[in-house]
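K.L.:
Once you've had a glance at the structure underneath, I'll fire off some questions.
We did not get these values from a lab; they are worked out from the coordinates using the rules stated. None of the values given here were measured: they were computed from a predicted structure. Counting neighbours? That spans all protein chains shown, and the Cβs are built from the backbone with ideal geometry, glycine included.
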Amino acid sequence: MIVTRFAPSPTGALHIGGARTALFSWLLAKHSGGKFLLRIEDTDRERSTEENTKQILDSLLWLGLDWVDKPIKQSMRYDVYNAQVERLLEEGKAYYCSCSPEEVEAMREEARAKGLKPKYNGKCRELGLGPAPHHVVRFKTPHTGKTVYEDMVKGTVAWDNSELDDMIIRRTDGWPTYNLAVVCDDHDQGVTHVLRGDDHVNNTPRQILLYEALGYELPKFGHVPMILGPDKKKLSKRHGARSVLEYELDGMLPEALINYLARLGWSCGDQEIFSIQELIEKFSTQHLNKSAAAFDPDKLLWLNSQHIKEASDDRLASLLAGQLAMLGIGGSDASCISYLKKIIPLYKPRAKTMKEMAEAAAFFVLPDRELKYDDKAVSKFLTEEIKPHLKTLAEKFEALETFDQPSLEAVVQAYLDETGLKFKVLAQPLRVALTGGTVSPGLFETMEVLGKDSTLARLHRALGMLRGE
RNA sequence: GUCCCCAUCGUCUAGCCUGGUCCAGGACACCGGCCUUUCACGCCGGCGACAGGGGUUCAAAUCCCCUUGGGGACGCCA
């Protein structure tokens, strides 16, 4: 069975790069009915926080990337790691080192000066030092040979072992370093496929060597390329490095973000729009791209609009309620929700985000008396010569028994036939009167949803404004 | 600097493994048109790329080499 994992370190919020690696790992597991695990890598005691951990879990949940079992935390496995470090020590595969950070830095400088790769020079390797408070433990990296592996996305990758130095596996504070902890955890959790960011490629040979030293079976490794900003530079706060939760606040649908992230670096022929289910069915590491991809906010927006069209009215109504609440409008009671549900179909084809929908549909929800009229629109369309027509129309609407689209349309059409006017002449004035602005869904559907009372109240209010009231 | 990786329209990508069907296909964005009651949606059309140079071959986007460009790593961070 395929077992994958996502192992964030809670030193910040989950951003889209991390979300995408999590997604790919999740898909890899789901595709084959395997398990997707979660692990919190919080051995950096200083920068890891509970808030970040919670935020990351919330983000994953919002995206729908659910995991099996309780997430393990590295901070709770001190003894486990140290048992392995002791074992390596006993087996002569690791040794104590007394070199200070300054000394090591000097060694690196020396190597750099010679045009070589900066490394620890192995000074304590054969000294047979014992434990002491200021001693770290280093791994005895083979000096010769090659470390080669088959990357799930990159293909064969190889290093000369001489490129590597004797890495620290236990710090002076007794905690293990990343590479050791990861190897122990992935082994103990039964992880079979490690899919992670490109920045970990260089850790892979070190980890492979540790796997071998510990006598563990190797998992498969895969490294997904980084996400770049729209400017092809490293992702910054400005474009996509925002947290996943911010996308929710902006009115993105989780499935849209998932769809976008999936297509960024992965493809399935020419298909652009995927449901979560389709992604699970069609995902394969075979089609993961090898090169870095730039984040394109426009395409995300387009995908979001596509997914909005597919989402149910019920769900969108409650999301809309949430967005309106953020704007300080409306309530979330049942009657309000059922009203919003009638609004949704009018905006499904035109909204790119739920936030945008809320802003555009606010006029529906605002009480008639609080509707704000756009000055420019009023002076341009609510003119003196249009007034009699709006007044007559209001009277005709009032007489209607069934206040729905066909009846409204019939009334207006009859009036047009009677007066010889073009609908164009009446449409914008009506729209301004009812919505306060010049942009809205179709007039008749808008009126039907507003209902007779609101429609008339707004028409009268607009008429009143004409008189300068 | 050293090592690792990458390179198709502005962007995401298909094609590359298993050379010919590719004077390179799709999508976003952009431009034009249609539809139209505003804004959208939708539909139709347009613009637009194999980084450069050498090979191999009857034939290269596809295979090989070099150059250039980009990214990553080189921590008692993960």
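K.L.:
If you find the alpha carbon centre of segment A:348-378 and of segment A:381-451, how far apart are they in angstrom?
P.N.:
18
K.L.:
What whole-number value in cubic angstrom gives the convex hull volume per residue for the C-alpha atoms of chain A?
P.N.:
Looking at chain A, the number lands at 194 Å³ per residue.
K.L.:
Moving on to the next point. Short version: what are the Cα gyration tensor semi-axes of segment A:172-290, square root of 5 times each eigenvalue, largest first, in whole Å?
P.N.:
Over the Cα atoms of segment A:172-290, the ellipsoid semi-axes are 31, 19, 14 Å.
K.L.:
Can you list, by residue number, the Cys in chain A that have no neighbouring cysteine C-beta under 4.7 Å?
P.N.:
A:Cys99, A:Cys184, A:Cys268, A:Cys336
K.L.:
Moving on. Once segment A:83-150 is represented by equal point scatterers at the alpha-carbon sites, with solvent omitted, what log10 I(q)/I(0) does the Debye formula produce at q = 0.14, 0.18, 0.19 Å⁻¹?
P.N.:
Log10 of I(q)/I(0), two decimals: -0.52, -0.80, -0.86.
K.L.:
Ok, one more. For segment A:258-287 and segment A:66-118, write down the distance between their C-alpha centroids in whole Å.
P.N.:
38
K.L.:
Here's a follow-up. Would you mind calculating the gained length between A:Glu310 and A:Leu245 on full extension (0.36 nm times residue separation, minus the Cα-Cα distance), in nm to one decimal?
P.N.:
21.2 nm
K.L.:
Between A:Lys387 and A:Glu401, what is the label-point separation in nm under the 7 Å Cα-to-beta-carbon projection?
P.N.:
Spacing of the two 7 Å Cα→Cβ label points: 3.4 nm.
K.L.:
Please work out whether segment A:320-387 counts as rounded, prolate or oblate from its C-alpha gyration tensor, where a ≥ b ≥ c are the square roots of the eigenvalues and a/c under 1.5 means rounded, while otherwise a/b larger than b/c means prolate and anything else oblate?
P.N.:
Numbers: a/c = 2.23, a/b = 1.83, b/c = 1.21.
The shape class here is prolate.
K.L.:
Next question, about the same structure. Starting from the Cα gyration tensor of segment A:1-114, multiply each eigenvalue by 5, take the square root, and state the resulting semi-axes largest first in whole Å.
P.N.:
Working: eigenvalues 227, 74, 49 Å².
So the equivalent ellipsoid measures 34, 19, 16 Å along its semi-axes.
K.L.:
What do you get for the angle between helix A:204-214 and the principal long axis of chain A? Use alpha-carbon atoms, 0 to 90 degrees, nearest ten.
P.N.:
Its long axis makes an angle of about 50 degrees.
K.L.:
How far is the Cα center of segment A:122-190 from the Cα center of segment A:1-34, in Å?
P.N.:
Using only Cα atoms, the two centres lie 24 Å from each other.
K.L.:
I've got another one for you. To the nearest 0.05, how large is the calculated FRET efficiency for A:Ser335 and A:Leu116 if R₀ is 51 Å and r is the Cβ-Cβ distance?
P.N.:
Here the calculated transfer efficiency is 0.10.
K.L.:
Okay, moving on. What is the calculated FRET efficiency for A:Ser284 to A:His143, with r their C-beta to C-beta distance and R₀ = 25 Å, to the nearest 0.05?
P.N.:
According to the calculation, E is roughly 0.05.
K.L.:
So how tilted is helix A:443-466 from the main axis of chain A? Cα-based, degrees 0 to 90, rounded to 10.
P.N.:
60
K.L.:
Sort A:206-215, A:99-108 by packing, meaning the average of other beta carbons within 10 Å per residue, with the highest value first.
P.N.:
A:206-215, A:99-108
K.L.:
Same structure again: From the cross-link list A:Lys117/A:Lys234; A:Lys73/A:Lys282; A:Lys309/A:Lys341; A:Lys70/A:Lys220, which pairs have alpha carbons spaced over 21 Å apart?
P.N.:
A:Lys117/A:Lys234; A:Lys73/A:Lys282; A:Lys70/A:Lys220
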